[in-house]
1. Among what's in region 21-45 and is among the polar types (S, T, N, Q) and assigned to a strand (DSSP E or B), pick the residue that is nearest to A124 (Cα to Cα).
2. Can you pull out every residue in region 115-162 that is part of a strand (DSSP E or B), small (G, A, S) and surrounded by fewer than 21 Cβ atoms within 10 Å (Cβ to Cβ)?
3. Which condition breaks for I75 when tested against (1) surrounded by fewer than 18 Cβ atoms within 10 Å (Cβ to Cβ); (2) out of contact with any Gly (no Cβ under 7 Å at 6 or more places or on another chain); (3) more than 27 Å from P147 (Cα to Cα)?
4. For the condition surrounded by fewer than 19 Cβ atoms within 10 Å (Cβ to Cβ), more than 19 Å from G302 (Cα to Cα) and at pLDDT 95 or above, what is the one hit in A202, A211?
5. Do we find a residue being within 18 Å of Y309 (Cβ to Cβ), touching a residue at least 40 places away in the same chain (Cβ under 8 Å) and hydroxyl-bearing (S, T, Y) anywhere in region 76-89?
6. Out of (1) more than 21 Å from Q84 (Cα to Cα); (2) in contact (Cβ under 8 Å) with a residue 24 or more places away in the chain; (3) surrounded by fewer than 22 Cβ atoms within 10 Å (Cβ to Cβ), what's the single condition that is false for V5?
7. Scan region 33-51 for residues that are of a type outside the set (S, T, N, Q) and surrounded by 22 or more Cβ atoms within 10 Å (Cβ to Cβ) and jot them down.
8. Given the structure, is I336 in the same structural domain as V31 (by TED's automatic domain parsing), surrounded by 14 or more Cβ atoms within 10 Å (Cβ to Cβ), of a type in the set (A, V, I, L, M, F, W, C) and part of a helix (DSSP H, G or I)?
Amino acid sequence: MRGAVWDGRELFVTDRLDLRPVGVGEVRVQVLRSGICHTDLSMMTPHLPQLPIVLGHEAAGEVVELGEGVEGWSIGDRVAVGTQTPCGICRECLRAEPHNCDINWGFAPNFPFLLDGAPVASFANVSSFAGEILVKASQLFAVDDLPPEEGALIGCAVSTGVCASRVLGRVRADDTVVVFGIGGIGVNAIQGARGMGARVIAVDANPGKEAVARQFGATDFVLAETTQDAPTGAAALAQVYGPIDVVIECSGAVTAIETALRCIKRGGRVVLIGMSRPGALASLPLDGFVMGGEVIATMNGGALPDRDYPELIAQARDGRLNLADQVSGVWPLDQIAEAIAALKAGEVTRALVDMTV
């Protein structure tokens, strides 16, 4: 089987991967398309606890084998794959907080692959940079006629961005919302907020992102000045666009985070979604927050897949969410390095890999 493996030094494509047999409650899925997320790039470090590893966590595919006890699915079903696998029995799950479950995001070691007979780890319960994957049946969501390029985005870019606005941000009609970082997550945060009737100001250091931001519903665009300090940038945003009710920070850049923390109104809400570099620290203006304010961060935008994914898929199918224009290009697996380079350079909204060629 073909796939891309990260060994701590390089990401290499190989045809020597094997997959263990399907287990109870599991489904084997042929991956048709995989998205590439900045989170995958942030994992490309020699310090990951399990190496080698198959990265990738945005997948759309086709069911090819059902494990014992799996019901409701048939061979050939087209599906989107989610990352969450809460155990359902731990303290956090029983408190209705599955996002705090220790195994929910693939933190528990799992080695479904073999490379030349040696174990290879999975990532985020998915590992969509492999031609076939083993997932729990609970991770699957029917996409029917939604193209695989679009279906692959449901599990991260779409659900994280939209739910960052609607679930964590609790955006309301007539709110003023600022979105920092106009990539795959950011455009969906914009769509999520606009769908609730909010005014959305997009902020990015790349002038080429203005057209993208407006295409997905931003009413205004601010070109971030990379040399500007956070207090100055925050004061300018608040003066022109305030009162700012909600900020969705999707870039992970420390200066952007510190600007977000300073530009909201008293009692405003800051949602942190972007992945920062390891060890990064941001300062919090306590004198402002003690008067009222909220900072919240939860992976996948606080989405509950059983509740949110079917609705997101329905909205994509009937045109209420624009997924097609997020797909900047589809690369064959052998050219995954070129796709990653385009993502790093800010040339794409979402880069996808065709895992069938």
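1. Start the filter on region 21-45 by keeping residues that are among the polar types (S, T, N, Q), which leaves 30, 34, 39, 42, 45.
Still in the list and also assigned to a strand (DSSP E or B): 30, 34.
Numbers: Q30: 17, S34: 13 Å.
Top of the filtered list is S34.
2. A118, A142
3. Status for I75: all satisfied but (3).
4. On the way: A202 fails: surrounded by fewer than 19 Cβ atoms within 10 Å (Cβ to Cβ).
Residue meeting the stated conditions: A211.
5. Step one: of region 76-89, the residues within 18 Å of Y309 (Cβ to Cβ) are 77-86, 88.
Adding the requirement that they be touching a residue at least 40 places away in the same chain (Cβ under 8 Å) leaves 77-85.
Adding the requirement that they be hydroxyl-bearing (S, T, Y) leaves 83, 85.
Yes, the conditions are met somewhere in region 76-89.
6. Only one criterion in (1) more than 21 Å from Q84 (Cα to Cα); (2) in contact (Cβ under 8 Å) with a residue 24 or more places away in the chain; (3) surrounded by fewer than 22 Cβ atoms within 10 Å (Cβ to Cβ) is unmet by V5, namely (3).
7. Quick first cut of region 33-51, residues of a type outside the set (S, T, N, Q) only: 33, 35-38, 40-41, 43-44, 46-49, 51.
Residues satisfying the conditions are R33, G35, I36, C37, D40.
8. So I336 passes the test.
The values are calculated or read from the model by the stated rules, or taken from the named source; none is laboratory data. Computed from a prediction, not measured in an experiment: that's the story for all the values here. Neighbour counts are summed over all protein chains in view; Cβ atoms, including those assigned to glycine, are modelled from backbone coordinates with ideal geometry.
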